[in-house]
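Quick notes on the structure that follows.
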């Protein structure tokens, strides 16, 4: 790609802020489709996408890892991979944001496989694991456990289940957006999430 340099880890370290939330927060930047189309050959277009999604990806990675250092590394790696592959991006599996969340979730799983250890207690305490107003029976059960135990159990279930729970609850995506980020249909996402929550509950109960 001409004129575009890899977003440095330092920018992720210094520029990330909590992602906007609430009804007034846009879910995509204005003109995203045009920015994505231009990004392979236009540094400014990719930079605009980068600046919009940077705090969102960083917040997701931090909630999932509980570590500022891991979140910074995962955020930088996510955008570096996105930059390398932007010319091959296809919206068929969801929008650009969903694609980024999918890359970030895979980077987090790679990190946990490489580290071979559970997160620190400090990191676990920092994470808000589940929706504070659960509705499904499995979610009600999980809400009874402290966050440190939930996060430790999460690291022991299959990676696909980890991604489903992380994207739905930690990335604060609705069911449709989480399904897009997983690259599956909404109905399949509902099944995967149901099974993921059951697997997580079993892990929690077995460790009780």
Checking residue 144 against (1) at pLDDT below 85; (2) assigned to a helix (DSSP H, G or I), which test does it fail?
-> (2)
Residue 7 vs. criteria under 18 Å from the mean Cα position of the chain (by Cα), assigned to a loop (DSSP other than H, G, I, E, B) and at pLDDT below 90 = no
In the stretch 38-51, which residues are touching a residue at least 12 places away in the same chain (Cβ under 8 Å) and in contact with a helix residue (DSSP H, G or I) (Cβ under 8 Å, 6 or more places away or on another chain)?
-> 39, 40, 46, 48, 49, 50, 51
Here the residues within the stretch 66-90 that are under 19 Å from residue 182 (Cβ atoms) and touching a helix residue (DSSP H, G or I) at 6+ places or on another chain (Cβ under 8 Å) are 74, 78, 81, 82, 89
Verdict on residue 77 being under 24 Å from residue 185 (Cβ atoms), part of a helix (DSSP H, G or I) and at pLDDT 90 or above = no
Are any residues in the stretch 10-32 modelled with pLDDT of 50 or more, in contact with a helix residue (DSSP H, G or I) (Cβ under 8 Å, 6 or more places away or on another chain) and either in a helix (DSSP H, G or I) or farther than 24 Å from residue 61 by Cβ (or both), and if so, which ones?
-> 32
Quick one: would you say residue 174 is at pLDDT below 80, under 26 Å from residue 54 (Cα atoms) and loosely packed, with under 15 Cβ neighbours inside 10 Å?
-> yes
Can you name the number of the only condition in (1) farther than 18 Å from residue 59 by Cβ; (2) modelled with pLDDT under 90 that residue 192 fails?
-> (2)
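The values are calculated or read from the model by the stated rules, or taken from the named source; none is laboratory data. Just so you know, these numbers come straight off a predicted model, no measurement behind them. Don't worry about glycine lacking a Cβ; one is built from the backbone with ideal geometry, like all the others, and counts go over all protein chains shown.
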